[in-house]
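Here the structure comes first, spelled out in structure tokens, and everything after it is commentary.
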Amino acid sequence: METPPRTDSEQDKSDIDDVIDTHKSWLKSVLGLGALEAKLWVASSAQLLALMCGVIFLLLTTWLLLIASIAAVAWSYGFSLVGILFTATIATFLSSFVLLYLVKKTLKSMNFARTLDAVIPTDED
């Protein structure tokens, strides 16, 4: 039995099917790579978060030890305990306002408009 020769439209349809299959395979590979990158990013982020918690704990401990050291020196020079505790409280309170100001300044500077314009251009561009 002979197979009938293929016509041009059948050849075109076969070529289009091949192109679609190739693009599907490519898209599947790209999405798989994206999923792998996301998994690596999550693992790295978890490790970074744990390290940052350790750094925050050490900085907090250092700050409290610094206040305690200054309080001990002030106590040895005869300052009153109430005055020392009041001064330490005011110093901590003021430093929290400085940090709050820095957080607000950082949040204002975090603008993703340029990134969004690069990824999703608007009609105006």
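Of D12, D21, all but one fail to be modelled with pLDDT of 80 or more and part of a helix (DSSP H, G or I); the exception is D21. When each of T106, T87, T61 is tested for being at pLDDT 80 or above and open to solvent by less than 70 Å² (accessible area, probe 1.4 Å), the lone residue that passes is T61.
Criterion applied to A71, A88 was being over 35 Å from the mean Cα position of the chain (by Cα), assigned to a helix (DSSP H, G or I) and touching a residue at least 12 places away in the same chain (Cβ under 8 Å), and the one residue passing it is A71.
The values are calculated or read from the model by the stated rules, or taken from the named source; none is laboratory data. Just so it is clear, the model here is predicted, and its values are computed rather than measured. Please note: Cβ atoms are built from the backbone with ideal geometry, for glycine as well, and neighbour counts cover all protein chains shown. Ligands, DNA and RNA are excluded from the accessible area calculation, which covers all protein heavy atoms including side chains. Shrake-Rupley method; radii C 1.70, N 1.55, O 1.52, S 1.80 Å.
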